[in-house]
Ligand code: V47
Ligand code: SF4
C-alpha cells in the first residue's frame, strides 16, 4: 500500500526557478530546508509546486493512510479573563451572564453522556477563570479516571496551566507533575497563536508568553509525555512570522521529540474584534498545509481540523501534506462555530468520515491519541457501498 511520488519531472522542469529547484532537490534527498527557504516557498512557491513536495513527504511518512480519532470535547466554561482579539468564544467577565460556568459535577455528567460510545479521548477546552483552579482540574481529572480509566485525557493549554500554577504559587514542573498524577495524559496544541512577541502582544496580550508556552511543553516532553502544537494563521502575520513560529517548534522538537502533530488553524473572522481582517483563500490554506509539511521535517503528523475548514478543503488537504483529520466529533466545541467555521454543525459519523477519506483516494485508520491503530478501515465494506473492494478500488491519485 506504500505509494511513492516521483519528483523527477518537477525537478527537471526547465521552467522551474533555480532557487525552487534547489529546495525540491533537498526534499528529494530528505534534507531540511532553512528558514530563508521556508519564506521563499511562501513568497514564490506555486500551489502545485509546494503541493507536490508536501505530497512526496506525506507519502514517504504515511503512504495512503489518513488518521482519525473518536473523541469528544468538553468545555467547563466559555468565560475568560483574557481578551484575545481573534477570539469569538470568550464572553469576558463583563458579559459573564451570556456564558456558561459548569460545576465539577456538571462536567462529569457531560463525560458520562459518552459512556456507551466507543470514544478513546476527551479533549477538555479551557477558559481562564479563578474558580477553575489547580484543585478543580486535578479533581476533575481524578474523577474522570475513576469513572472511565482508559479514556485518554487531552486537556487545557499552557495558557490555563500558566495561570493556574501562578495562582497556586507552584512551579511549572511541580504543576505539570501533579496534573499528570491526577490523570492528564497529553496536551492539545492550543494557545500557541503566533510566537512573534510583538504580534502576540497585539492580538493575544496578557496571556502566557511564547517562551512560557514552549517551556511548559518542554517540561511535559521531558516527563516522557506527548503534545500537539498549533499556529493561528491568516490574520495580521507575515510569512516570516509563520516560519519563525514553526522554527521555534522545530528547534524544540529537535531537543525533545515530544510533539506528535502540527495543526494549522485558519483565522475565522466572525464575531470577534478582528472582523475587519479578511480571511485567506482556500489556495492559501492548502499552500500553508504544504509548506508546514515541508518545513517541519521532524513532526510526524500534520492535521487539518475539518470542522473549521469544512469537509471539502479537508479532503483536498490530504494531497497537500495532511495525514490526519482529527475526530468524529458529534458535539464540537462552540469556539469554532462562533468564529464562523465552515461546519455550523460539525458532526460526522465514523462511517461518513471513512467514506470522506476514501473519496479522496486514501485509506482511513482510526487511531488513539498516541497513534496506535484502533481500527484499520482499509478493507471494511459498508452496507451501502458494495462497490468498494478495498484499497485497490480507490480512485487513483498521485500513483
Ligand atoms: O488557541 C480561537 C484558536 C485554538 C479562533 O491539539 C481560533 O488536537 C480560528 O488548539 N479563528 C484552540 N481559530 C483549539 C486548538 C485545537 C483544536 C483542535 C485540535 C487540537 C489538538 C487543538 O483555537 C486557540 C486559537 O488559536 N481560535 N479563535 C478564530 N476566530
Ligand atoms: Fe481566553 Fe483563549 Fe479566547 Fe484568549 S483565545 S480570550 S485565552 S478563551
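The residues on offer are 40, 16, and the sole one that is assigned to a helix (DSSP H, G or I), in contact with a helix residue (DSSP H, G or I) (Cβ under 8 Å, 6 or more places away or on another chain), over 30 Å from residue 135 (Cβ atoms) and touching a residue at least 12 places away in the same chain (Cβ under 8 Å) is 40.
Condition check: under 28 Å from residue 371 (Cα atoms), buried (at least 19 other Cβ atoms within 10 Å of the Cβ) and touching a helix residue (DSSP H, G or I) at 6+ places or on another chain (Cβ under 9 Å). Does residue 204 satisfy that? Here the answer is no, as residue 204 does not meet what is asked. The set of residues from region 248-272 being in contact (Cβ under 8 Å) with a residue 40 or more places away in the chain, more than 16 Å from ligand 2 (Cβ to nearest atom) and surrounded by fewer than 17 Cβ atoms within 10 Å (Cβ to Cβ) comprises 254, 257. For region 283-295, a residue qualifies if it is within 15 Å of ligand 1 (Cβ to nearest atom) and either assigned to a loop (DSSP other than H, G, I, E, B) or more than 14 Å from residue 58 (Cβ to Cβ) (or both), and the qualifying residues are 284, 285, 288.
Residues that are under 28 Å from residue 124 (Cβ atoms) and more than 14 Å from ligand 2 (Cβ to nearest atom) within region 63-80 comprise 65, 66, 67, 68, 69, 70, 71, 72, 74, listed in sequence order. Condition check for residue 322 on (1) part of a loop (DSSP other than H, G, I, E, B); (2) in contact with a helix residue (DSSP H, G or I) (Cβ under 7 Å, 6 or more places away or on another chain); (3) within 16 Å of ligand 2 (Cβ to nearest atom): one failure, at (3). Annotation: of all residues in region 225-243 being touching a strand residue (DSSP E or B) at 6+ places or on another chain (Cβ under 8 Å) and not in a loop (DSSP other than H, G, I, E, B), the one that is surrounded by the most Cβ atoms within 10 Å (Cβ to Cβ) is 229. Kindly evaluate residue 50 against the criterion of being more than 16 Å from ligand 2 (Cβ to nearest atom), within 30 Å of residue 293 (Cα to Cα) and either at pLDDT 95 or above or surrounded by 13 or more Cβ atoms within 10 Å (Cβ to Cβ) (or both). Criteria met by residue 50. In region 139-150, is there at least one residue being away from ligand 1 (no atom under 16 Å from the Cβ) and within 23 Å of residue 273 (Cα to Cα)? No: region 139-150 contains no residue that is away from ligand 1 (no atom under 16 Å from the Cβ) and within 23 Å of residue 273 (Cα to Cα). Taking the criterion of being more than 16 Å from ligand 1 (Cβ to nearest atom), closer than 30 Å to residue 150 by Cβ and not in a loop (DSSP other than H, G, I, E, B), the residues of region 181-207 that qualify are 181, 182.
I'd like the full set of residues that are surrounded by fewer than 21 Cβ atoms within 10 Å (Cβ to Cβ), touching a residue at least 40 places away in the same chain (Cβ under 8 Å) and part of a loop (DSSP other than H, G, I, E, B), limited to region 346-359. The one that is surrounded by fewer than 21 Cβ atoms within 10 Å (Cβ to Cβ), touching a residue at least 40 places away in the same chain (Cβ under 8 Å) and part of a loop (DSSP other than H, G, I, E, B): 359.
The values are calculated or read from the model by the stated rules, or taken from the named source; none is laboratory data. Since this is a predicted model, take the numbers as computed values, not measurements. Virtual Cβ from ideal backbone geometry, glycine too; neighbours counted across all protein chains shown.
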